[in-house]
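This report concerns only the one structure given below.
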Amino acid sequence: MGVRGAGRLWWGTVSCTLFLAVNGLYSASDDVIELTPTNFNKEVIQSDSLWLVEFYAPWCGHCQRLTPEWKKAATALKGVVKVGAVDADKHQSLGGQYGVRGFPTIKIFGANKNKAEDYQGGRTSDAIVDAALSALRTLVKERLSGRSGGYSSGKQSRESGGGDKKDVIELTDDSFDKNVINSDDVWMVEFYAPWCGHCKNLEPEWAAAATEVKEQTKGKVKLAAVDATVNQMLASRYGIRGFPTIKIFQKGEDPVDYDGGRTRSDIIARALDLFSDNAPPPELLEIISEDVLKSTCDAHQLCIISVLPHILDTGASGRNSYLDVMLKMAEKYKKKMWGWLWTEAGAQSDLESSLGIGGFGYPAMAAVNARKMKFALLKGSFSEQGINEFLRELSVGRGSTAPVGGGAFPKIHSVEPWDGKDGELPVEDDIDLSDVDLDDLGKDEL
């Protein structure tokens, strides 16, 4: 390969006029195929042909001296082996994807286009042709033995490794805008290269995080992957210079780089932060039917159920003050993706009994895990501080739990939703006391 970078020093002694006049070393009349980020994927990566590709810089003296030999080799190999060239000074992103650090760099793209080999032979047309034919012979023998096909896509390479990556969405130049740019969801997109060691280390963490994030955000935050060696238009568009690069896409905003840790817990934490920033306020639902209870508790890891005093005991203002406390706690803990419910004391007495509510008076609160049919009771005050301490203990796995009475939710009665007004005492029938002799009352007791 020669001494990398020497060409720049040598060329620097030539006049400035000549330097500015050099735009490229190859033209359309040559048998050397000019490659760019626009056509590289189609011409090389998706091709079944063997390719020899030179990455050059027009100012590089070594590249200029190689040019006539490269053209001669291209003509000799025409119809047998494809010979191309990339102006890596102009298309730095393309050179960067293949680890080009000096000029000229020659790479051989054989059976597996994602694992290009460095050419280390001589710089004469004879040496180049000999190396091309040797590589072609190897390719043909591999195909004959069934060990290798032609094109191996980045997606196939990605899926061939261990681990379950079913929730990582593979994106391409063609599918990216439709899925990401026009989406209301938040996207975390990893740009990777199949040969990249750091990408391989990240892969199982990214896959595990994708499944967890999908479940916890109900698909509102998505984890995706782009093979930047195949989808070079995307890589160029977003200025990808190294691997892996992770970018966050939110509708109406410019993409930003993810600069957090590379473990699944780090990725999940960032995804949940993004979700909570974009999530609507959590709903606080009154238990007016069995469907409300089951659909809420089945869909969330925990459902927080409050039993509030009867409306006659508190009035509308008192009830609203309790509901406000619950809404504040629901907002504070919305990253946890819990469900939030309430009912009036006595409206669902069977449910109260199954959760051990009543002994502590009203208001009361229970956190229920419907999958395990276990619950924990608030023992402190029904206040922001008391509930916060209760939920904080739950969120770190502390606190005592008990099984739901009967091992399942009891029958839920359908009731009318609260109308937001003060309660009224029931109207009793008028009793006519005009004919009652009050003097006779109580005589029998004497």
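Scanning region 221-266 for residues that are open to solvent by less than 40 Å² (accessible area, probe 1.4 Å) and free of Cβ contacts under 8 Å to residues at least 40 places away in the same chain turns up Gly260, Gly261.
Each residue in region 66-85 was checked for being within 44 Å of the chain's Cα centre (by Cα), open to solvent by less than 70 Å² (accessible area, probe 1.4 Å) and not small (Gly, Ala, Ser), and 2 of them qualify. Every condition in (1) at pLDDT below 85; (2) under 24 Å from Glu205 (Cβ atoms); (3) outside any helix (DSSP H, G or I); (4) charged (D, E, K, R) holds for Asp167 except the one numbered (1). Taken over region 102-115, residues that are farther than 12 Å from Leu139 by Cα and either open to solvent by 30 Å² or more (accessible area, probe 1.4 Å) or among the aromatic types (Phe, Trp, Tyr) (or both) amount to 2.
Set side by side, the residues Glu344, Glu352 differ, and just one is without any contact (Cβ under 8 Å) to a residue 60 or more places away in the chain and over 33 Å from the mean Cα position of the chain (by Cα), which is Glu352.
Does Pro410 meet the test of being in a loop (DSSP other than H, G, I, E, B), open to solvent by less than 80 Å² (accessible area, probe 1.4 Å) and not small (Gly, Ala, Ser)? Spelling it out, Pro410 is indeed in a loop (DSSP other than H, G, I, E, B), open to solvent by less than 80 Å² (accessible area, probe 1.4 Å) and not small (Gly, Ala, Ser). Filtered by the rule that a residue be under 24 Å from Gly420 (Cβ atoms) and out of contact with any Leu (no Cβ under 7 Å at 6 or more places or on another chain), region 365-394 gives Phe382, Ser383, Glu384. Does region 323-344 hold any residues that are within 17 Å of Ser381 (Cα to Cα) and among the aliphatic types (A, V, I, L, M), and which are they? Across region 323-344, the qualifying residues are Leu323, Val325, Met326, Leu327, Met329, Ala330.
The values are calculated or read from the model by the stated rules, or taken from the named source; none is laboratory data. As the structure is a prediction and not an experimental result, all values here were calculated from the model. Cβ sites come from the backbone with ideal geometry, for glycine too, and all protein chains shown count toward neighbours. Each accessible area value is taken on the protein alone, full model and side chains, heavy atoms only, with ligands, DNA and RNA left out. Shrake-Rupley method; radii C 1.70, N 1.55, O 1.52, S 1.80 Å.
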